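Single-structure report; data block below.
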Amino acid sequence: MKKYLLLLAAFGLFLFSSCSEDDDGGETENSIVATWQLTAVNPTIPGWDLSACDENPEITFSTNGSADWTLYDSENNCAAVSSTGDWVKNSDGTYTITIPDVGEFDGTVNFSGANKFTFNTSVQTFPVVLTFEK
């Protein structure tokens with residue numbers, strides 16, 4: 001009988017210790033999948049002045065690897081320009097994001113909760129941090 005009680009107690013401890021809400025750090029495999037606004041570029045890059053237009057560039061990362069961009073052309077009365085690039089989460093945890101007519105960028109993604117992330121990359125060998133928010 002003591003063996004069964006001991007086994008039952010061990011099983012109960014296993015149940016309580018094996019499940020936790022924060023086991024995965026709150027990040028799911030495709031947590032980048034959503035629609036985001038580019039809210040900051042640091043340092044400022046020529047041609048990427050977010051204050052030039054009222055609207056912030058928007059990107060929708062889809063589960064199929066496509067990235068639908070809406071950029072605003074400050075030289076054309078801030079007209080919306082839509083195009084599709086792609087994205088992939090690499091095996092080492094980094095991301096590769098392609099911005100149409102701009103280029104392909106490799107970098108790390110750091111989430112600040114469910115509604116904000118930074119993409120740390122480089123542009124022409126200079127480190128750049130892009131901040132995205134929902």
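The values are calculated or read from the model by the stated rules, or taken from the named source; none is laboratory data. What you are looking at is a predicted structure, and each value in this text was computed from that prediction instead of being measured. Here Cβ is always computed from backbone atoms with ideal geometry, including for glycine, and neighbour counts include all displayed protein chains.
Observations on the model:
- Qualifying position, being at pLDDT 90 or above and out of contact with any Asp or Glu (no Cβ under 6 Å at 6 or more places or on another chain), among 79, 52, 67, 40: 40
- The condition (being surrounded by fewer than 17 Cβ atoms within 10 Å (Cβ to Cβ) and either over 16 Å from residue 37 (Cα atoms) or under 11 Å from the mean Cα position of the chain (by Cα) (or both)) is satisfied by just one residue among 82, 74: 74.
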